[in-house]
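The values are calculated or read from the model by the stated rules, or taken from the named source; none is laboratory data. Every value quoted in this text rests on a predicted model; they were computed, and no experiment measured them. As a convention, Cβ positions derive from the backbone with ideal geometry for all residues, glycine included, and neighbour counts pool all protein chains shown. Only protein heavy atoms, including side chains, enter the accessible area calculation; ligands, DNA and RNA are left aside. Shrake-Rupley method; radii C 1.70, N 1.55, O 1.52, S 1.80 Å.
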Amino acid sequence: MTTTPATDAPGRYLLRPARADDLGALERLASASAIGITSLRTELAGQLERSTQSFASAADDASGEEHYLFVLEDLGAGGRLIGTAGIAASAGFNDRFYSYRNEFIVQASAALGARNRIHTLHLCHDLTGVTLLTGFHIDAAYADTLAPQLLSRGRLMFIAGSPQRFAPRIAAENPGLADDAGQCPFWDAVGRRFFDMDYPQAERRSGGRSPKAWIAELMPQSPLYVPLLPEQAQWALGQLHPVGELPFQILMDEGFDGDTYLNIFDGGPTAEGRVQMLKTVARRRICTARSGPAACDGTGASARVTEPWHLLSAGDGEEFRATVLSMRDEPQLDAATAAALNWRPGTSVHVARLDAVGGEPEVEASPLPRLPDAPEGGEAQRPAWGRP
Amino acid sequence: MSTDMAKDEGGAHVERWCVQDVAAADVPVLAGLLPAGADLSLPEREAERWWLVRRPGRAACACLRLRPAIGLEQPRHWYHVGCVVHAAAELGLFQRRHTLLLCNDHTGAAELADIVSDAAALDLDQQADALRLLVHHALRHIAQHRGTYPAQLVAELPGVRDAQGRSPFWLGLGAHFYEGDPQEAARRFGPAWRGHVAALLPRQPVYTAFLAADAQSAIAQVAPPARVLMQVLADAGLRYSHHVTVDDGGPVQEGWIDGLPAVLGGGGPRS
């Protein structure tokens, strides 16, 4: 990290729907990360257009095809765009969404006095149609601030405010282990045996036609017996690429389950949960906001925050805005924050207490790449299944 | 007891080789020929027979057990070797992949079991002669008691092993699910051991692509010393049935009894 970490201040960050004129800033974000989100201008423009239509659509007329793209602004830095994240209304819309589901089979032979707990991976469509959190990416300089918290959890405020647009279940893919050269132990042990090529190569040869579905149809349809996989691939199951640590931590804190589903290509964990059970959704409450003086100078240079941090959202659809501020029972919005939120005195807002205090230091946050090319060597703290 | 004349084309040996029922006194000799864990009990039911080949004045040099219907009391297990095609024209891919599926497909079939010849005492031609005698004898016996036997006849062949007796097929598949020594289990439990081990093996199809290369190439490969037996069985009309044994991946050969030459025409071992 080269830049000085930003200091959190009430109302400093603003989460809002992406607009067509964010294209340039999104391109810069994409090229800085070099992975995950597309840096192709035409593709980005297409995503923006689709997102704009999605936000503008009537909530009770959602088809499931919607893909909402959010951007995060640092108002303390002149509204600079520092992050982006999305929500796909329905995973695998119009097709199937493939995952591996972890299952365990216990087999025993009384005569031999032997008993096996066999870990198997079942190719499944369980998560087809669930809401999918996508494309989380934050400027690395902000990893330790409240910005990634707002970027990730703010989406849950949006979902909770428009339940008609979304499914009751929600999931998010997370990048699995891969090295600098794009070599991925799980792909090498599974996918490669059916393709004889690297995953990016397979993706290219699909000609851009929903590559995941094409590839998934070529994978073994019967359960995989984990004991038959090479040791390296067994250890890689459910392991997170270091770049995915921060967004994954936030999801775990929200109450997502990260142990049931795996990405079928790189073996990374696909977190999954029920929207109503998530921490932010459960804590979300409606309240009346008041106009008031600025809690600090807005840059956060000398902010002293004594009251608990809260997520605060106002508006719906394309009017949706969210920020983080500190408050006790009722929020007090200064003029700048009220303007950023498009909040008018007398209208209500939603708040949810935030008890996270930023990510861990030296963690680079990134979107959810299929095969990240960041260096290997992340913490292998999560247990590998089926290992003693 | 019946006898047969073994002759080769040149008439080099003309001694009379007899096929006889195994008697208690023969068991120790046969135990030395058979692999560990083979069934050494004398048949109790009429339909089950255990025959040996004896050369005049010498010990038994080959044997074969005919079982009338297998797997009805203790389940018998094999892997069925299947084929799955993964094709995607869009990706320019067309790939054949083989699968192994644990099964009891040959339940109820008659079996030619524990077929062995004394490789130390007989040259290859003599082994072939002895085995032909036994197989022909068994098939004629079935033909004469046709109502006693089912429609299908199978025989398991030993798979490839290294000098230490380790099977690459077992090491690549079974060993991941049962850590014990299969040969030790065979010694301890006799023929039932495979059933005990099968309880620990995968129940869903296993893509052979997930096995080590030497395990894959051992599938349905017969141990070199048993090639002569494979040929004798093939000559008698038994063909690879796309099944292999669960321990060493040896092939299973099968035939439909009513179509076998020895049953149809009663031709001799050389026919």
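Considering region A:58-75, and only residues there that are at pLDDT 90 or above and farther than 19 Å from A:Glu173 by Cα, the residue that is most open to solvent (accessible area, probe 1.4 Å) turns out to be A:Leu75. Would you mind stating whether B:Asp258 is charged (D, E, K, R), surrounded by fewer than 22 Cβ atoms within 10 Å (Cβ to Cβ) and touching a residue at least 60 places away in the same chain (Cβ under 8 Å)? In short, yes. Considering region B:103-116, the residues that are open to solvent by 20 Å² or more (accessible area, probe 1.4 Å) and part of a strand (DSSP E or B) include one that is nearest to the other protein chains (Cβ to nearest Cβ), namely B:Asp114. The condition of being open to solvent by 10 Å² or more (accessible area, probe 1.4 Å), polar (S, T, N, Q) and assigned to a helix (DSSP H, G or I) holds for A:Gln164.
Residue-level analysis places B:Val222 among those that are of a type in the set (Val, Ile, Thr) and under 30 Å from A:Pro230 (Cα atoms). Does B:Ala6 count as modelled with pLDDT under 85, within 14 Å of chain A (Cβ to nearest Cβ) and either open to solvent by 40 Å² or more (accessible area, probe 1.4 Å) or touching a Pro at 6+ places or on another chain (Cβ under 9 Å) (or both)? Here the answer is no, as B:Ala6 does not meet what is asked. Taken over region B:96-127, the criterion of being within 19 Å of B:Cys18 (Cα to Cα) and of a type in the set (D, E, K, R) is satisfied by B:Asp114, B:Asp118, B:Asp123, B:Asp125. Counting only helices (runs of 4 or more DSSP H) that fall entirely inside region B:120-209 and contain at least 1 residues that are away from chain A (no Cβ under 14 Å) and in contact with a Cys (Cβ under 8 Å, 6 or more places away or on another chain), the qualifying elements are B:124-144. Quick one: B:Leu66 ticks every box in (1) within 28 Å of B:Asp123 (Cβ to Cβ); (2) surrounded by fewer than 18 Cβ atoms within 10 Å (Cβ to Cβ) bar one, so which box is it? Among (1) within 28 Å of B:Asp123 (Cβ to Cβ); (2) surrounded by fewer than 18 Cβ atoms within 10 Å (Cβ to Cβ), the lone unmet condition for B:Leu66 is (2). All of A:Ala89, A:Ala85 fail the test of being more than 14 Å from chain B (Cβ to nearest Cβ), open to solvent by less than 10 Å² (accessible area, probe 1.4 Å), closer than 24 Å to A:Ala216 by Cα and modelled with pLDDT of 90 or more, apart from A:Ala89.
Pick from region B:210-228 the residues that are in a loop (DSSP other than H, G, I, E, B) and facing another protein chain (nearest Cβ under 10 Å): which of them is surrounded by the most Cβ atoms within 10 Å (Cβ to Cβ)?
Within region B:210-228, the first condition is being in a loop (DSSP other than H, G, I, E, B), and the residues that meet it are B:211-212, B:218-221, B:223.
Applying the additional criterion that residues be facing another protein chain (nearest Cβ under 10 Å) yields B:211-212.
Details: B:Leu211: 23, B:Ala212: 15.
Among residues in region B:210-228 that are in a loop (DSSP other than H, G, I, E, B) and facing another protein chain (nearest Cβ under 10 Å), the one surrounded by the most Cβ atoms within 10 Å (Cβ to Cβ) is B:Leu211.
For beta carbons closer than 6 Å, sequence separation of 6+ or different chains, a first residue in region A:102-118 that is more than 7 Å from chain B (Cβ to nearest Cβ) and a second that is among the charged types (D, E, K, R) and surrounded by 14 or more Cβ atoms within 10 Å (Cβ to Cβ), there are no qualifying pairs.
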